[in-house]
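Notes follow the structure.
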C-alpha cells in the first residue's frame, strides 16, 4: 500500500514538473515570436517606393520621411487608396487642415 501511494506521488510530481516546463517554453516562444514595438522601419526606402511615380520626388520624399518618422509606417505602393493601411499617416494634417502625407 505504501509503495502504491509513493508511486502515485511520484507520478503526480512528474506531471506537475512537465506541465510547468511546457508553460515556460510556450511563454518563451511567444515572447520570441512577438515583434518588438520599438522596431523602426527604413523610412528612406519606404518613401522612395511611395514617391517613385510623382513628378515632385524631392518634396514628396521629404514630407513622407517626416510622416514616417512620426508614425513609423508608410502605406504600401503609390496609390492614394492604400492610405488606410497606415491610419496615423493617412490622417496627419497641416496647420491649414489639408492632408500632410503623400
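Coordinate-derived values only; no laboratory data. Quantities reported herein were computed from a predicted structural model and do not represent experimental measurements. Virtual Cβ from ideal backbone geometry, glycine too; neighbours counted across all protein chains shown.
Run a plain Debye calculation on the range 43-91 (Cα atoms as equal point scatterers, no solvent) and give log10 I(q)/I(0) at q = 0.14, 0.16, 0.24, 0.26 Å⁻¹, rounded to two decimals, same order as the q list.
-0.26, -0.35, -0.81, -0.95
So how far apart, in nm, are the two label points at residue 59 and residue 42 if each is 7 Å from Cα heading toward Cβ?
Distance between the two pseudo-spin positions: 2.8 nm.
Spin-label point model (7 Å from Cα, Cβ direction): what's the residue 82 to residue 70 distance in nm?
Label-label distance for residue 82 and residue 70, simple model: 2.1 nm.
Starting with the fewest neighbours, write out 39, 78 ranked by other beta-carbon atoms found within 10 Å of each beta-carbon. Walk me through the intermediate numbers first.
Details: 39 7, 78 14.
Taking fewest neighbouring Cβ atoms as first place, the list is 39, 78.
List the relative contact order of the range 48-102 as a percent without decimals, with contacts defined as Cα pairs under 8 Å and 6+ residues apart.
Once divided by the residue count of the range 48-102, the mean separation gives 33 percent.
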